[in-house]
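Report on one structure; see the data block that follows.
The values are calculated or read from the model by the stated rules, or taken from the named source; none is laboratory data. As the structure is a computational prediction, the values presented were derived from the model and not from experiment. Heads up, the Cβs are rebuilt from the backbone with ideal geometry, glycines too, and the neighbour counts pull from every protein chain shown. Surface accessibility is based on the protein's heavy atoms, side chains included, excluding ligands, DNA and RNA. Shrake-Rupley method; radii C 1.70, N 1.55, O 1.52, S 1.80 Å.
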Amino acid sequence: PVSGSPMDRLPPVSVLLSPASGGYQTGAATVSGTASDRGSGLAEVRVWLLDLTAPASRSFTTSGTASWSRIIEAAEFSDGRVYELRSQAIDKAGNLEAPSSSASFVFDGAPPTGALKIGDGGLWVTTTSVTLALSAEDKVSGMGPGARMRFSTDGEAWRDPDPFTSSK
């Protein structure tokens, strides 16, 4: 008779739930998901970070197994590069899942730059009603429909963001 548990030859399965795929990541990435194993049980889950712009990869161990997460700090990314995150579960028998569940994004960690011209551009204005001429540029994500601008008269209290326009 054979004693003990049956041999586990099936790899575990993981699912990456966040971040969502597509778009831009502007800071640290909180990566989370779930994993399961029907054999020996989960040992660990890793997150693979692949730089698709300059092919390179590295892995990070997550916190938790069945429900897992990992914060990947912004310093791990370079501005303007395309990244893919993949999850990989490993069970207690040493079976490795082929990393498959993934999310991809472009990292945009630098704020836009811009300029402001008040009225005719002189050093002084003599009226409380002026036209502001605005320009802005973001070298990674651009200044598309989602771009916003905010104003302050004292540098401390800021109005709610408005859609970006070239004059106000």
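Quick one: net charge of PHE107's neighbours, Cβ under 11 Å, K/R +1, D/E -1?
-3
Using a 1.4 Å probe on the protein heavy atoms, what percent of the accessible area of the chain belongs to carbon and sulfur?
Numbers: 5690 of 10690 Å².
The C+S portion of the solvent-accessible surface of the chain is 53 percent.
Return the Rg/Rh ratio of the range 95-142 with Cα-based radii and a Kirkwood Rh.
On the way: Rg = 22.2 Å, Rh = 15.2 Å.
Using only Cα positions, Rg/Rh for the range 95-142 is 1.46.
Mind jotting down a quarter of the surface of the convex hull over the alpha carbons of the range 6-134, in square nanometres, one decimal? Present the calculation step by step, with values, prior to reporting the outcome.
Working: hull surface 44.6 nm².
Spelled out: convex hull of the Cα atoms, projected over all directions, averaged, 11.1 nm².
For the range 10-110, what's the relative contact order in percent, using C-alpha pairs closer than 8 Å and at least 6 residues apart? Walk me through the numbers on the way to the answer.
Numbers: 274 pairs, mean separation 38.3, N = 101.
Here the relative contact order equals 38 percent.
Compare PRO55, PRO112, PRO11 in a GNM of the chain, Cα atoms joined below 10 Å, and give the one with the largest fluctuation.
In this elastic network of the chain, the residue with the biggest mean-square fluctuation among PRO55, PRO112, PRO11 is PRO55.
Connecting C-alpha atoms closer than 10 Å in a GNM of the chain, tell me which of PHE107, PHE60, PHE151 has the biggest fluctuation.
PHE151
Around ALA28, which amide H atoms from residues at least 5 apart in sequence, or from another chain, sit under 5 Å from its own amide H, with H modelled in the peptide plane?
It is ALA74, by chain and number.
Whose amide H sits under 5 Å from the amide H of PHE151, counting only residues 5 or more places off or on another chain, with H placed in the peptide plane?
ARG159
Under 5 Å between amide hydrogens, which residues at least 5 positions from LEU17 or on another chain qualify, with H placed 1.01 Å from N in the peptide plane?
Placed amide hydrogens put SER32, GLY33, THR34 under 5 Å from LEU17.
Output the direction-averaged projected area (hull surface divided by four) of the convex hull of the alpha-carbon atoms of the range 1-82, in nm².
Details: hull surface 26.6 nm².
Result: 6.7 nm².
Measuring from label point to label point, each 7 Å out along Cα→Cβ, what is the ALA56 to SER129 span in nm?
Those two pseudo-labels are separated by 5.7 nm.
Please give me the summed charge of the neighbours of LEU52: other residues whose Cβ is under 10 Å from its Cβ, Lys and Arg +1, Asp and Glu -1.
Working: positive: ARG81; negative: ASP51, GLU84.
Spelling it out: positives minus negatives among the neighbours equals -1.
Can you compute the charge dipole magnitude of the chain about its Cα centre, using +1 on each Lys and Arg Cβ and -1 on each Asp and Glu Cβ, nothing else charged? Give it in debye, rounded to the nearest 20.
My answer is approximately 240 debye.
In whole Å, how far is the Cα centre of the range 20-40 from that of the range 119-160?
Centre-to-centre distance over Cα atoms comes out at 37 Å.
What is the Cα coordinate range of the range 55-100 on the first, second and third principal axes, sorted by size from largest, in whole angstrom?
Rounded to whole Å, the extents work out to 39, 21, 13 Å.
Among THR34, THR53, THR128, which one shows the highest mean-square fluctuation when the chain is modelled as a Gaussian network with alpha-carbon springs under 10 Å?
Result for the chain, Cα springs under 10 Å: THR128 fluctuates most.
For the range 92-150, which trypsin sites (Lys or Arg not before Pro) are in a loop by DSSP, counting at most 12 other Cβ atoms within 10 Å? Mind dumping the intermediate values first?
Values: sites: LYS92, LYS117, LYS139, ARG148, ARG150; in loops: LYS92, LYS139, ARG150.
Passing both the DSSP loop test and the Cβ count: LYS139, ARG150.
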